[in-house]
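A short write-up of the structure that comes next.
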Amino acid sequence: MTMATVDTPARLPARWQDYVLLMKPRVMSLVVFTALTGLVCAKTPLHPVLAGVAILCIAVGAGASGALNMWYDADIDGQMRRTRGRPVPSGRVQGADALTLGVVLSLFSVMLMGMALNWLAAGLLAFTIVFYAVVYTMWLKRWTAQNIVIGGLAGALPPVIGWAAATGTAPANAWLLCAMIFMWTPPHFWALSLYTSEDYAKAGVPMMPVVKGAASTRTQILVYSLLLIPVCLAPAATGLGGAIYLGVAGLGGLVFLLLAWRLYRSKSGEAPDLSNPDPRPDPRNDDGLYDVRAGARDARNLFAFSILYLSLLFATLLGEHVAGLAPLELFR
């Protein structure tokens with residue numbers, strides 16, 4: 001393992017927007033949303049100011065993780081079409097600046113969480129930042145094809161942090177929210193990697209399609225999808241979700257499984273279509289994740305729907321709890 005030290009003089013002047021991009025705002029928005037759901041589902045009265053501070057700390061912690069990830073991964077980001085326009089590999093932000101921003105934001109978010117809310121939430125936030133920036137980014141991502149499976153824990157913990165911020169505890173239902181995101185992560189990211197595998201291979205990142213091949217990846221996506229849906233239905237049986245949630249999880253789960261099955265039966269991720277060459281230049285870039293060649297559309301469709309599915313699940317839970325709707329509690 002070698003540390004990335006991309007610290008060349010900036011080719012373009014940095015704008016404030018570049019420092020926002022360092023914090024991966026799209027990822028941060030999902031982190032904040034799932035953390036807010038955990039905080040609300042805890043059903044513990046919390047002063048609005050303290051609730052706002054908790055969400056702020058989680059957002060800043062997510063941004064810190066993103067900045068540290070972009071600092072360390074600048075070498076491989078610069079080799080991949082999807083990421084080469086990021087602030088550090090493009091030269092708009094110096095690597096040292098990204099590192100400093102990540103460290104300062106990490107310390108700020110954890111200390112503020114501990115002093116304003118409680119140290120369990122702060123400890124979970126610190127663990128999440130270290131797990132993503134060190135365990136996943138510096139080790140797992142460059143070492144094993146299971147990087148997304150194990151590393152997915154970092155993205156799955158925000159609802160537990162939100163719950164802990166509200167109550168000072170992390171009960172089974174908080175970890176069920178974590179399990180939903182954890183089981184969702186492999187089919188979501190492996191679907192993406194099926195149509196960006198050339199990038200990962202070029203950069204030497206051992207993503208599943210690169211190491212095990214497209215067919216094995218499609219099989220594993222189907223297996224994880226079959227495991228995911230029961231986990232997503234479980235909140236209706238534990239007093240966490242209500243009738244609306246059960247309907248959304250059930251119907252959405254059927255669509256998810258249909259798309260996973262279609263992907264399994266497809267040729268997504270195979271070698272480029274030599275039998276049907278596409279003479280056009282590849283249009284994909286960091287803002288074009290959904291613009292893919294015809295042979296990869298099944299992978300693109302599952303990737304896109306997986307975002308919608310997870311968002312709907314957490315939005316439904318959040319809405320039910322805000323509205324005060326009674327949970328089903330099927331087996332309690």
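Please find, among Gly91, Gly114, Gly95, the residue that is surrounded by fewer than 19 Cβ atoms within 10 Å (Cβ to Cβ), touching a residue at least 12 places away in the same chain (Cβ under 8 Å) and over 18 Å from Trp184 (Cα atoms).
On the way: Gly114 fails: touching a residue at least 12 places away in the same chain (Cβ under 8 Å); Gly95 fails: surrounded by fewer than 19 Cβ atoms within 10 Å (Cβ to Cβ).
Result of the check over Gly91, Gly114, Gly95: Gly91.
Tell me yes or no: at least one residue of the stretch 232-244 is without any contact (Cβ under 8 Å) to a residue 12 or more places away in the chain and either within 29 Å of Cys41 (Cβ to Cβ) or not aromatic (Phe, Trp, Tyr) (or both). Steps first, please.
Residues of the stretch 232-244 without any contact (Cβ under 8 Å) to a residue 12 or more places away in the chain: none.
Checked the stretch 232-244: no residue is without any contact (Cβ under 8 Å) to a residue 12 or more places away in the chain and either within 29 Å of Cys41 (Cβ to Cβ) or not aromatic (Phe, Trp, Tyr) (or both).
Would a scan of the stretch 150-162 turn up a residue that is more than 28 Å from Val40 (Cβ to Cβ), touching a residue at least 60 places away in the same chain (Cβ under 8 Å) and surrounded by fewer than 21 Cβ atoms within 10 Å (Cβ to Cβ)? Before the answer, list the steps.
So the first thing to find is which residues in the stretch 150-162 are more than 28 Å from Val40 (Cβ to Cβ), and the list is 150.
This time we only want the ones that are touching a residue at least 60 places away in the same chain (Cβ under 8 Å), so: none.
Looking for residues that are more than 28 Å from Val40 (Cβ to Cβ), touching a residue at least 60 places away in the same chain (Cβ under 8 Å) and surrounded by fewer than 21 Cβ atoms within 10 Å (Cβ to Cβ), one finds none in the stretch 150-162, hence no.
Exactly one condition in (1) modelled with pLDDT of 95 or more; (2) crowded, with 19+ Cβ neighbours inside 10 Å; (3) among the hydrophobic types (A, V, I, L, M, F, W, C) is not met by Leu251; state its number.
Every listed condition holds for Leu251 apart from (2).
For the list (1) among the small types (Gly, Ala, Ser); (2) buried (at least 19 other Cβ atoms within 10 Å of the Cβ); (3) more than 21 Å from the chain's Cα centre (by Cα), I need the number of the one condition that Gly102 fails.
(3)
Across the stretch 117-138, which residue is surrounded by the most Cβ atoms within 10 Å (Cβ to Cβ) among those that are among the aromatic types (Phe, Trp, Tyr) and within 21 Å of the chain's Cα centre (by Cα)?
From the stretch 117-138, those among the aromatic types (Phe, Trp, Tyr) are 119, 127, 131-132, 136; that's our starting set.
Now narrow it down to the ones that are within 21 Å of the chain's Cα centre (by Cα): 127, 131-132, 136.
Working: Phe127: 16, Phe131: 19, Tyr132: 25, Tyr136: 22.
Taking the candidates together, the pick is Tyr132.
From (1) of a type in the set (Lys, Arg); (2) within 29 Å of Ala179 (Cα to Cα); (3) at pLDDT 90 or above, pick out the condition that doesn't hold for Arg82.
Just one mismatch for Arg82, condition (3).
The values are calculated or read from the model by the stated rules, or taken from the named source; none is laboratory data. Keep in mind that what you see is a predicted model, and the values were worked out from it rather than measured. Every residue, glycine as well, gets a Cβ built from its backbone with ideal geometry; the counts of neighbours run over all protein chains shown.
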